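Chemist: Shown below is the structure under consideration.
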Amino acid sequence: MPQTKNSAIAQMHTQGAIITALLGGTDAMRQAGTTYLPKHPRESQEDYNARKNTAVLFPAFSETLSQMVGRVFFKPIDTHKVSGSLNGFLPNIDLQNNNINIFSSKWFDDALAYGSSYVIVDFPTTNGTLADNRHARPYFVHVKNTDVLGFKHKFHHGVPVCTQFRYRQTLTVDDGEFGEKTIEQITVWDLGRVRHYHKDDKGKWQVINETVVHGANGKPLDFVPVVDLVLEPQAFFIGDIPLLELAHLNVKHWQMQSDYHNIVHFVSVPLLAHSGSDDLGDSQTVASNNLLQLGADGKLSYVEHSGAAIGAAVTALEELKDEMATAGAKLLTRTKLALTDSQARDEQGKEISKLRVYANRLEDALGRALDFAAQWQGETDGGTVEISGNIDADFDPSASFADVLKMQAAGVLSGETVFEEAQARSIISPQREWQDEKARLELQGGLNMDFGQPESKTS
């Protein structure tokens, strides 16, 4: 059946359930109930519900994820080496008005959260051939990790190649003249064809259409145009979750914080105790205007908690926050990793951070997607992109720019390079162009265009 998950996907989604819950925030964690907030021995369901419904998630995982994605996309993706025929598509790369930077950040965000994410490079056609679809163009479709149902692959010249890819979508369709409704659709890509499945009135999945997909040569497509972004590869299209340990720590914090709030509630209410020869019974109510018969030698007193447990809980929570911060920051720590020369790029001594490795893998994935888009256009190479971002843990834009100015003063950097470095640090607006700025400098006169320094004049 098309909705059946293969074993690798089922295992991937089981492992990723903790990520989905954490990204869903407090509401999702409460709905997960005992999965992430165990019930204490002899705790009544009423007391458990009260404890669960007052717990609040500290968003360490989601905030770390957002910060790391923000670092990678601190600067726009450099697209100067993208094939000229594809440049016009970049401002609306997915036909949903998302440019390549916004689209790529969402793709990377999903991959960093779950370990892998996918893109289909599609091409809208009306009659199966590209020649008669002059206004058609390739576009990217993001398939989230949680939407994938399965895939197949085979080896071609020793390289694994995807031969089938299945994923689920939720579509909004018209329901009568004014209404709307959501339906589920399963899309299956095979070599040379695409099938779409909807549920019939009996709840069974049925093919509603099947399309033969042609390449630029007019022949059925001999590959499935899906690109995987796997940050910690373990198998074909599958990888480990990079921040899984942080996720476990965040769940631990959720549990400990719930216990802490429970302790605070408990110790904030002193217990009224009775001592004496007469038994007051179990049904006595203490309130103003009530009279209690204490009997001979009877007395009432309050028993209060020392509060030592509160201090211990606060200390443990703060220590756990530090552990979470350390777990997230490990992505920024430079270490000597087993990389190829191309992956290591120009990193000094092959020392490179995990986040830099992940950014490199995004570059490669975007390059493969651009190649697929180029093949739809009848070309062989879609070009490459470069991601610089703010990936170093100790990166200080203002301090590092001072070094750039020193190098310029020493005569080893051109004015154009200084201009580009200033733009990269958001010192100069990205809308400004070097040629325009150079023309303005020339109008001012007396400036050396090689280094931007005043020319020496002799009488």
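Chemist: For region 25-56, which positions are basic (Lys, Arg), in a loop (DSSP other than H, G, I, E, B) and touching a helix residue (DSSP H, G or I) at 6+ places or on another chain (Cβ under 9 Å)?
Modeler: Lys39
Chemist: Can you tell me which residue is modelled with the lowest pLDDT among those in region 365-422 that are among the polar types (S, T, N, Q) and within 30 Å of Val227 (Cα to Cα)?
Modeler: Ranking the candidates gives Asn390 first.
Chemist: Enumerate the pairs (first residue in region 86-115 and under 15 Å from Ser66 (Cβ atoms); second residue anywhere and among the aromatic types (Phe, Trp, Tyr) and assigned to a helix (DSSP H, G or I)) with beta-carbon separation below 8 Å, excluding pairs fewer than 6 apart on the same chain, so at least 6 apart or on different chains.
Modeler: Filtered contacts from region 86-115: Phe108/Tyr358; Ala111/Tyr358; Leu112/Tyr358.
Chemist: Can you tell me which condition Ala55 does not meet? The list is (1) among the hydrophobic types (A, V, I, L, M, F, W, C); (2) farther than 17 Å from Lys321 by Cα; (3) open to solvent by less than 60 Å² (accessible area, probe 1.4 Å), and all the others hold.
Modeler: So Ala55 meets the others, but not (2).
Chemist: Kindly indicate whether any position in region 89-103 is touching a Lys or Arg at 6+ places or on another chain (Cβ under 9 Å) and either farther than 30 Å from Gln423 by Cβ or acidic (Asp, Glu) (or both).
Modeler: Among the residues of region 89-103, not one is touching a Lys or Arg at 6+ places or on another chain (Cβ under 9 Å) and either farther than 30 Å from Gln423 by Cβ or acidic (Asp, Glu) (or both), which makes the answer no.
Chemist: Can you name the number of the only condition in (1) part of a helix (DSSP H, G or I); (2) surrounded by 13 or more Cβ atoms within 10 Å (Cβ to Cβ) that Gln3 fails?
Modeler: Failing condition for Gln3: (1).
Chemist: Examine region 232-242 for a residue that is polar (S, T, N, Q), surrounded by fewer than 20 Cβ atoms within 10 Å (Cβ to Cβ) and in contact with a Gly (Cβ under 9 Å, 6 or more places away or on another chain), and state whether such a residue exists.
Modeler: Filtering region 232-242 down to residues polar (S, T, N, Q) leaves 234.
Checking which are surrounded by fewer than 20 Cβ atoms within 10 Å (Cβ to Cβ) leaves us with 234.
So of that shortlist, the ones also in contact with a Gly (Cβ under 9 Å, 6 or more places away or on another chain) come out as 234.
Yes, region 232-242 has at least one match.
Chemist: Another one. Looking at Ile186, Ile208, Ile241, which is the one that is of a type outside the set (D, E, K, R) and in a loop (DSSP other than H, G, I, E, B)?
Modeler: Every option except Ile241 fails the conditions.
Chemist: In addition: Go through region 57-114 and give me each residue that's over 9 Å from the mean Cα position of the chain (by Cα), in a helix (DSSP H, G or I) and of a type in the set (Ser, Thr, Tyr).
Modeler: Thr64, Ser85, Ser104
Chemist: Also: Might you let me know whether region 199-210 holds any residue that is surrounded by fewer than 18 Cβ atoms within 10 Å (Cβ to Cβ), out of contact with any Cys (no Cβ under 6 Å at 6 or more places or on another chain), modelled with pLDDT of 90 or more and aliphatic (A, V, I, L, M)?
Modeler: Yes, that holds for at least one residue.
Chemist: A follow-up question, please. What are the residues in region 42-58 that are at negative phi and not aliphatic (A, V, I, L, M), if any?
Modeler: Glu43, Ser44, Gln45, Glu46, Asp47, Tyr48, Asn49, Arg51, Lys52, Asn53, Thr54, Phe58
Chemist: What are the pairs with Cβ atoms under 6 angstrom where one residue, in region 22-35, is more than 17 Å from Tyr114 (Cα to Cα) and the other, located anywhere, is open to solvent by 30 Å² or more (accessible area, probe 1.4 Å) and at pLDDT below 95? Sequence gap at least six, or different chains.
Modeler: Taking only residues 6 or more apart or on different chains, the pairs are Thr26/Val56; Arg30/Lys52.
The values are calculated or read from the model by the stated rules, or taken from the named source; none is laboratory data. As the structure is a prediction and not an experimental result, all values here were calculated from the model. Cβ sites come from the backbone with ideal geometry, for glycine too, and all protein chains shown count toward neighbours. Side chains are part of the model used for accessible areas, which takes the heavy atoms of the whole protein and leaves out ligands, DNA and RNA. Shrake-Rupley method; radii C 1.70, N 1.55, O 1.52, S 1.80 Å.
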